[in-house]
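Down below is the structure, laid out as structure tokens.
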Amino acid sequence: MMPNTRDFPPLTPFAASVVEGKRRLPLSDTENLMVGAFGGTLECTVQMPLITLKICQQSKKPFPTSIGGWFRGVTAAAAPLGPITAVQVAVNGAIERAVTGGDRGPTDPERVGVAMAAGAASSVLYSPVDLVVIQQQKLGLDSPGATISAIVKEHGAAGMMRGFWSCVGREAIYTAGYLGLAPIAKDYLTSNVEYFKSNELAASIVGSSIGGTVAAVLTHPVDTSKTCAQSDIAGVKYPNARTALGMVYREGGIKALYGGGLARTARLCGAFFIINNIREAAIDWKTARAEA
């Protein structure tokens, strides 16, 4: 493993496909943007039923009764999620280069800290996206545009940023999970556990599962309070996400704060695996073309 030759730490199973000792070419900022955009869009589209399940459980809405219902809001969720993931990956790279000077690989604490900063920055885009998805499902509207118009008409432009600070906390930890903890866990397994030394796919699955589970456990109460606040955009029951956190706990305890937790945990593990695999495949493809 040669950390100085990467923009980011090794993330998924295809690392073994490059012969040891040969330099793997890092992706450029533009390539990272493209990989992040594709990976984010793909994982969200594939896993939209898990997102719908989580929202229904958190906001106590009835489950959809049709396939289309389970995928309602997929355009609002997937189309912006590609650019959001792209921003997370690209900003992560820019901050990492600033921290390391571009002449060494990041330490494990630096991986996590840099990823947290990138995730927090992406909340400027992600918070309004979450709001539109939640409101589109609640209002039963057919398009994100119609949902945005309804929100702005009723609550003004400031209404689009409801739940912003809770999204900052959630995304900081989420991004630390997939750009930090998941690759760290995978690296540890392939370096220290005999079975995983020759089974990097299995190491990637386990690493992604560890990263996704930890991120989900740490962020789900915040995500629940954010979902409640964004679902109640008028603030009739929940004036803000911080108040919603306390109210949900008083009404239902820890169990209520983790409503939809299994669905979201599964979604995060899948997202980490899909995005990281796509990025590693892109690195291998670029390296192979350069050596041809």
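The values are calculated or read from the model by the stated rules, or taken from the named source; none is laboratory data. Quick caveat, the model's predicted, so the values are computed rather than measured. Cβ sites come from the backbone with ideal geometry, for glycine too, and all protein chains shown count toward neighbours. SASA here: full protein model, heavy atoms, side chains in, ligands and nucleic acids out. Shrake-Rupley method; radii C 1.70, N 1.55, O 1.52, S 1.80 Å.
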Hey, does the stretch 234-249 have a residue that's open to solvent by 70 Å² or more (accessible area, probe 1.4 Å), out of contact with any Pro (no Cβ under 7 Å at 6 or more places or on another chain), part of a helix (DSSP H, G or I) and over 18 Å from V168 (Cβ atoms)?
yes
Search result, residues across the stretch 74-112 that are farther than 19 Å from E171 by Cβ, of a type outside the set (A, V, I, L, M) and open to solvent by less than 40 Å² (accessible area, probe 1.4 Å):
T100, G105, P106
Of all residues in the stretch 148-178 being farther than 26 Å from A271 by Cα and of a type outside the set (A, V, I, L, M), which is most open to solvent (accessible area, probe 1.4 Å)?
K153
Report yes if G68 is farther than 25 Å from S143 by Cα and either modelled with pLDDT under 80 or open to solvent by 30 Å² or more (accessible area, probe 1.4 Å) (or both), otherwise no.
no
If I ask for residues that are modelled with pLDDT of 85 or more, part of a helix (DSSP H, G or I) and within 18 Å of L262 (Cβ to Cβ), which ones from the stretch 45-55 would you list?
V46, M48, P49, L50, I51, T52, L53
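Quick check on I210: is it open to solvent by 20 Å² or more (accessible area, probe 1.4 Å), within 21 Å of the chain's Cα centre (by Cα) and closer than 18 Å to T85 by Cα?
On the way: open to solvent by 20 Å² or more (accessible area, probe 1.4 Å): yes; within 21 Å of the chain's Cα centre (by Cα): yes; closer than 18 Å to T85 by Cα: no.
Spelling it out, it is not the case that I210 is open to solvent by 20 Å² or more (accessible area, probe 1.4 Å), within 21 Å of the chain's Cα centre (by Cα) and closer than 18 Å to T85 by Cα.
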Only one of A90, A76 is assigned to a helix (DSSP H, G or I) and at pLDDT 85 or above. Can you tell me which?
A90
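Can you go through A271, A263, A282 and tell me which one is open to solvent by less than 60 Å² (accessible area, probe 1.4 Å), farther than 16 Å from K60 by Cα, of a type in the set (A, V, I, L, M, F, W, C) and in contact with a Leu (Cβ under 8 Å, 6 or more places away or on another chain)? So that I can check it myself, show each step before the final result.
Numbers: A271 fails: in contact with a Leu (Cβ under 8 Å, 6 or more places away or on another chain); A263 fails: farther than 16 Å from K60 by Cα.
On inspection, the qualifying residue turns out to be A282.
Of a type in the set (K, R) and either within 25 Å of P62 (Cβ to Cβ) or at pLDDT 90 or above (or both), is that true of R97?
Details: of a type in the set (K, R): yes; either within 25 Å of P62 (Cβ to Cβ) or at pLDDT 90 or above (or both): no.
Considered against the rule, which asks whether it is of a type in the set (K, R) and either within 25 Å of P62 (Cβ to Cβ) or at pLDDT 90 or above (or both), R97 comes out as no.
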Any residue in the stretch 265-290 that is aromatic (F, W, Y) sitting within a Cβ distance under 6 Å of a residue that is open to solvent by less than 40 Å² (accessible area, probe 1.4 Å)? List the pairs, counting only those 6 or more apart or interchain.
F272/Y178; F272/A182; F272/S208; F272/G211; F272/G212; F273/S208
